[in-house]
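Following this message is one structure expressed as structure tokens.
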Amino acid sequence: MAEITLIEGVTMALARAMEEDPSVVMFGEDVGVNGGVFRATAGLHDKFGDDRVIDTPLAEVMIAGMSVGMASQGIRPVAEAQFCGFTMPMIDHIMCHAGRLRNRTRGRMSCPMVLRFPSGGGIHAPEHHSESPEALFAHMPGVRVVIPSSPSRAYGLMLAAIRDPDPVIFMEPKRIYRWQKEEVADDGEELPMDVCYTLRDGNDITLVTWGSMVKETMQAADQLEEQGLSVEVIDVATVSPLDMDTIIESVERTGRCVIIQEAPKHCGVASEIAAGLADAGIWHLHAPVKRVCGYDVVMPLYRNEMKYMPSVRRIVDAAKEILEVS
Amino acid sequence: MAHTAAAFKVDYFQFLKPDGKLVEDQQVPALARDFDRLTELYKLMVLTRTFDKKAVALQRTGKLGTYASCLGHEAAHVAIGAAMKEEDCFAPMYREYGAQFYRGVKMSEVLLYWGGDERGSNFSGPKHDFAWCVPIATQCLHAAGAALAYKLKKEDRVAVTVVGDGGSSKGDFLEAINAGSAWKLPLVLVIVNNQWAISVPRKKQNTAATLAQKGIAGGLPSIQVDGNDLIACLWAMDKAVNAARAGKGAFVLEMLTYRLSDHTTADDARRYRPSDEVDEAWDNEPLKRLKAYLIDQGAWSDDKEEELLGECKQWVQQAADEYLDMIENDPQPVTAMFDYMFAELPADLIEQRTYAQDYAEDGGHH
């Protein structure tokens, strides 16, 4: 079994899905011979050819709209937006059609497509290459929003997303594309969507996060544990629909929760989780729920981007603040 | 040295003039002598107009929601449906009932949709046809995607879509032209140019002499026809669909017609449109000329017309009754808004569904 990175997990899943289902096609800008600007589709064009790994004209609306059209007629497109910022023109087709096709036609049609794209900041990229738009997609009825944070989850969740009969927005945290290596078997086993993954068990406090922020959150958990605390870490993994049960079950034991997200704070997924805790989790809470988030500002250009993002220290400080509440 | 890098022309076709006579200065397609076919399509045009009148009446009497009339577009719409095979895919905008009736969509289903019931979009026409598409021009890319799917699967099928003169200003339409050109797709893009995008006239969309030439800019064969001439519309559609099916790629067809109605029943065109323009447009409308032609050729008569109108009224009334009966006696339950969101309902939606159902049973929605 090979040790692979998160992006290699994506590539391995794409290849596996293409092998097992001839209706799966890659569809996007530079996904073909070039293998994608991050190499997510590397090697696929050689293996599967022009008809399966399709370089498109440079037109994001077209990529999204034609994916809806293909998905409704028996092809399973895995569309790539080259960067998170370029998904904005695609929103019309995701919101108005991908998420509605099944409902609009009372189940006569469906839209089994995946829109995958690198998301988040931290790689010194130009403007519009570093945003975290998961809350925009999470607000859309009829679409799933999945964000893996490890090589094995990238592989297993991507397989689940492609095989799913409904549209999935698959956001790849590019800052941790090559952060960790992990042994992942190319066994075709998918991992379940719609559930949180508990990365570390603990009893004193629950840290909830997803995507790239798993990195800082795990480091914060290490620091807190060095100080004798028992920290539970949850990777939400599917931000829509949201598995509140796992989070509430954890908070029932710990009574304390910090939610960490890279996206801006206002109306974010962290807010939805906090609201869920204020509802079904309120009687178990010993302290206020804290959100450690990106600021409600335009994502700064790269010289300041790490100052925008939640840091290990900001997470540790928020945790300590609510641990002091007795 | 300067030279002409590219040059183009847009051909315009009209075979049946507004007075019901065939044009004399050019060859007329054999279709003009196929009276069985023309009569069949004429009947559908009359049925479509009868239906349209009834739908507007239902809206005016509070029995139907906002409705988009197809008055004046009957030749264009019926020709689009008539040129397609069942296995082809139709991606309409929202007023192409004539095309949809030809493809087996029931009149009661159109009424259900505008009557606020999603079951209308689970229609009796081909199961792969798209439903009504309200966001302007987005359907063009769905058709392009369908066409690419057929090409990838090596299926002998064509995707046909319709956009208005207003919609031709949208990127989706232009990106679909580009896609049709890049992949040589079995795709027919029809611009039903009815001169008005709600209150904005054609001349305010742009100053191009034709809308068809947008297709030429993208590398597609593109022509313009009299959209009130069924013979020209069907001849052009046959040409485009056959070319697409033969692997010759995508085609752009502009049909020049006129929106004789308001944009929808929620609109009042008298606020922005001169009445003499509408009066003049009535002289060119598609039914009158075809009827005159068929009578002139001995293929139709006033007696047959009277009989047909009676039948159409009866069929339309039956459709209206069926629709009204369904919404009154077999309405969708509150749970129906949840049941088609996903193939399998996620846990949070199951919870909301139960909650909504409890309230509905309790009368709590009132």
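Please give the helices (runs of 4 or more DSSP H) falling wholly within segment B:82-155 in which 3 or more residues are more than 29 Å from A:Ser23 (Cβ to Cβ) and out of contact with any Pro (no Cβ under 6 Å at 6 or more places or on another chain).
So the answer is B:97-102, B:107-114.
For B:Glu344, which of the numbered conditions (1) open to solvent by 60 Å² or more (accessible area, probe 1.4 Å); (2) within 14 Å of chain A (Cβ to nearest Cβ); (3) in a helix (DSSP H, G or I) fails to hold?
B:Glu344 satisfies all of (1) open to solvent by 60 Å² or more (accessible area, probe 1.4 Å); (2) within 14 Å of chain A (Cβ to nearest Cβ); (3) in a helix (DSSP H, G or I) except (3).
Okay, next question. I'd like to check something: does segment A:143-163 contain any residue that is of a type in the set (Gly, Ala, Ser) and in a loop (DSSP other than H, G, I, E, B)?
yes
Would you confirm, using the coordinates I've provided, whether B:Ser261 is in contact (Cβ under 8 Å) with a residue 12 or more places away in the chain and either in the same structural domain as B:Val200 (by the TED database) or over 30 Å from A:Ala160 (Cβ atoms) (or both)?
In short, yes.
Do we have A:Pro173 as within 12 Å of the chain's Cα centre (by Cα) and either open to solvent by 50 Å² or more (accessible area, probe 1.4 Å) or over 25 Å from A:Gly74 (Cα atoms) (or both) here?
Against the criterion (within 12 Å of the chain's Cα centre (by Cα) and either open to solvent by 50 Å² or more (accessible area, probe 1.4 Å) or over 25 Å from A:Gly74 (Cα atoms) (or both)), A:Pro173 qualifies.
Could we say that A:Thr217 is open to solvent by less than 30 Å² (accessible area, probe 1.4 Å) and out of contact with any Phe, Trp or Tyr (no Cβ under 9 Å at 6 or more places or on another chain) here?
yes
Could you check segment B:170-208 and list, in sequence order, the residues that are away from chain A (no Cβ under 14 Å) and in a loop (DSSP other than H, G, I, E, B)?
B:Asn194, B:Gln195, B:Ile198, B:Ser199, B:Gln205, B:Asn206, B:Thr207, B:Ala208
So for segment B:321-339 (the condition being within 22 Å of B:Pro18 (Cα to Cα), open to solvent by less than 70 Å² (accessible area, probe 1.4 Å), part of a helix (DSSP H, G or I) and of a type in the set (Gly, Ala, Ser)), does at least one residue qualify?
Checked segment B:321-339: no residue is within 22 Å of B:Pro18 (Cα to Cα), open to solvent by less than 70 Å² (accessible area, probe 1.4 Å), part of a helix (DSSP H, G or I) and of a type in the set (Gly, Ala, Ser).
Kindly evaluate A:Val33 against the criterion of being within 19 Å of B:Leu141 (Cα to Cα) and open to solvent by 10 Å² or more (accessible area, probe 1.4 Å).
So A:Val33 does not fit the description; no.
Okay, moving on. Considering only segment A:64-88, how many residues are under 24 Å from B:Lys127 (Cα atoms) and within 13 Å of chain B (Cβ to nearest Cβ)?
Qualifying residue count for the region: 14.
Taking strands (runs of 3 or more DSSP E) that fall entirely within segment A:233-316, which contain at least 2 residues that are within 22 Å of A:Tyr197 (Cβ to Cβ) and of a type in the set (A, V, I, L, M, F, W, C)?
Of the strands (runs of 3 or more DSSP E) lying wholly inside segment A:233-316, those with at least 2 residues that are within 22 Å of A:Tyr197 (Cβ to Cβ) and of a type in the set (A, V, I, L, M, F, W, C) span A:257-264, A:290-294.
Kindly check whether there is at least one residue in segment A:38-52 that is farther than 30 Å from B:Glu344 by Cβ and of a type in the set (A, V, I, L, M).
Yes, because at least one residue in segment A:38-52 is farther than 30 Å from B:Glu344 by Cβ and of a type in the set (A, V, I, L, M).
Which numbered condition trips up B:Asp330, out of (1) within 14 Å of chain A (Cβ to nearest Cβ); (2) touching a helix residue (DSSP H, G or I) at 6+ places or on another chain (Cβ under 7 Å)?
Going through (1) within 14 Å of chain A (Cβ to nearest Cβ); (2) touching a helix residue (DSSP H, G or I) at 6+ places or on another chain (Cβ under 7 Å) one by one, B:Asp330 breaks only (2).
Go through (1) touching a Gly at 6+ places or on another chain (Cβ under 6 Å); (2) surrounded by fewer than 16 Cβ atoms within 10 Å (Cβ to Cβ) for B:Arg103 and report which single condition fails.
Here B:Arg103 meets the rest and fails (2).
Is it the case, given these coordinates, that A:Met12 is touching a residue at least 60 places away in the same chain (Cβ under 8 Å), touching an Asp or Glu at 6+ places or on another chain (Cβ under 9 Å) and part of a helix (DSSP H, G or I)?
yes
Additional query: Going through segment B:11-48 one residue at a time, which ones are within 23 Å of the chain's Cα centre (by Cα) and among the β-branched types (Val, Ile, Thr)?
B:Thr39, B:Val46, B:Thr48
Of all residues in segment A:189-209, which are open to solvent by 10 Å² or more (accessible area, probe 1.4 Å) and in a loop (DSSP other than H, G, I, E, B)?
If the condition is that a residue be open to solvent by 10 Å² or more (accessible area, probe 1.4 Å) and in a loop (DSSP other than H, G, I, E, B), then A:Glu189, A:Glu190, A:Leu191, A:Pro192, A:Met193, A:Asp194, A:Val195, A:Cys196, A:Asp201, A:Asn203, A:Asp204 are the ones that fit.
What residue, among those in segment A:43-84 that are in contact (Cβ under 8 Å) with a residue 40 or more places away in the chain and among the aliphatic types (A, V, I, L, M), is surrounded by the fewest Cβ atoms within 10 Å (Cβ to Cβ)?
A:Ala81
Out of (1) on the phi > 0 side of the Ramachandran plot; (2) surrounded by fewer than 23 Cβ atoms within 10 Å (Cβ to Cβ); (3) under 22 Å from the mean Cα position of the chain (by Cα), what's the single condition that is false for A:Gly228?
So the condition that A:Gly228 fails would be (3).
Please enumerate the residues belonging to segment B:108-164 that are open to solvent by 30 Å² or more (accessible area, probe 1.4 Å), of a type outside the set (S, T, N, Q), over 18 Å from B:Ile191 (Cα atoms) and at the interface with another protein chain (Cβ under 7 Å from one of its Cβ atoms).
The answer is B:Glu118, B:Arg119, B:Lys127, B:His128, B:Leu152, B:Lys153.
Can you tell me which residues in segment B:34-51 are in contact (Cβ under 8 Å) with a residue 60 or more places away in the chain and open to solvent by less than 40 Å² (accessible area, probe 1.4 Å)?
B:Leu38, B:Thr39, B:Leu41, B:Tyr42, B:Met45, B:Val46, B:Leu47, B:Thr50, B:Phe51
Sticking with this structure for a sec: Give segment B:236-247 a look and list any residue that's over 17 Å from the mean Cα position of the chain (by Cα), open to solvent by 20 Å² or more (accessible area, probe 1.4 Å) and touching a residue at least 60 places away in the same chain (Cβ under 8 Å), or say none.
B:Arg245, B:Gly247
Next up: Could you grab me the full set of residues in segment B:209-223 that are at negative phi, surrounded by 14 or more Cβ atoms within 10 Å (Cβ to Cβ) and in a loop (DSSP other than H, G, I, E, B)?
Selection gives B:Thr210, B:Leu211, B:Ala212, B:Gly218, B:Leu220, B:Pro221.
The values are calculated or read from the model by the stated rules, or taken from the named source; none is laboratory data. All figures in this text were calculated on a predicted structure; none of them were measured in a lab. As a convention, Cβ positions derive from the backbone with ideal geometry for all residues, glycine included, and neighbour counts pool all protein chains shown. Surface areas here come from the heavy atoms of the whole protein model, side chains and all, with no ligands, DNA or RNA. Shrake-Rupley method; radii C 1.70, N 1.55, O 1.52, S 1.80 Å.
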